[in-house]
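Read-outs throughout are calculated quantities, based only on the coordinates presented, and are distinct from any laboratory measurement. Keep in mind that what you see is a predicted model, and the values were worked out from it rather than measured. No Cβ is skipped: glycine too gets one built from the backbone with ideal geometry, and neighbour counts run over all protein chains shown.
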Amino acid sequence: MNQKGENKMKALKVFVTFNWNAFAEGKEFTVRDCSVWTDFNTKKVMGTKVEVIITKDDTDYHLKDGEAKSNLLERLIFKVTKDIRIPANSKVRPVNPRVTAYGRDYHGNFTNYVNQLAIQCDDVEIIP
């Protein structure tokens, strides 16, 4: 316990998982660009960054009556652990995504408000 007698538990984020399937339900992801993914510190090539835009969002966000929210036209990056090239405007889905949700404010500082996704995957599949 801290000085105020409150419990401050540690490392709880380890046990929080992001439900990608529920999030992706009703969404369409369209490729904008592909680029090399490099490790920030070592500069080692890790694979490919596939930048996508959410071009359809029919996801049920379980909101109260009268509320409306959407992630339409939001940008995501799929980090793929291999070298791939996907043409712009292709409709895609990530293969075996591992997703971490985190928060950043307008200045780029980390915050408790969860508004960002880090997405790594084994591949990105083109949807015919």
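Of the trypsin sites (Lys or Arg not before Pro) in region 1-68, which ones lie in a loop per DSSP and count no more than 12 other C-beta atoms within 10 Å?
Counting only loop positions with at most 12 other Cβ atoms within 10 Å, the trypsin sites (Lys or Arg not before Pro) in region 1-68 are Lys4, Lys8, Lys10, Lys43, Lys44, Lys64.
If you average over every viewing direction, what projected area does the convex hull of the Cα atoms of the chain give, in nm²?
Average projection, Cα convex hull of the chain: 11.4 nm².
With an 8 Å cut-off on Cα pairs and a minimum separation of 6 or more residues, tell me the relative contact order of the chain in percent. Walk me through the numbers on the way to the answer.
Working: 242 pairs, mean separation 29.1, N = 128.
Reported relative contact order: 23 percent.
For region 23-128, which chymotrypsin sites (Phe, Trp or Tyr not before Pro) are both in a DSSP coil and crowded by at most 13 other Cβ atoms within 10 Å? Kindly include the intermediate steps, with their values, before the conclusion.
Working: sites: Phe23, Phe29, Trp37, Phe40, Tyr61, Phe78, Tyr102, Tyr106, Phe110, Tyr113; in loops: Phe40, Tyr61, Tyr106, Tyr113.
Of the chymotrypsin sites (Phe, Trp or Tyr not before Pro), the ones in loops of region 23-128 whose Cβ has at most 13 other Cβ atoms within 10 Å are Phe40, Tyr61, Tyr106, Tyr113.
Can you list residues from other chains, or at least 5 along the same chain, whose modelled amide H is less than 5 Å from the amide H of Gly47?
Counting only residues 5 or more places away or on other chains, the set is Trp37.
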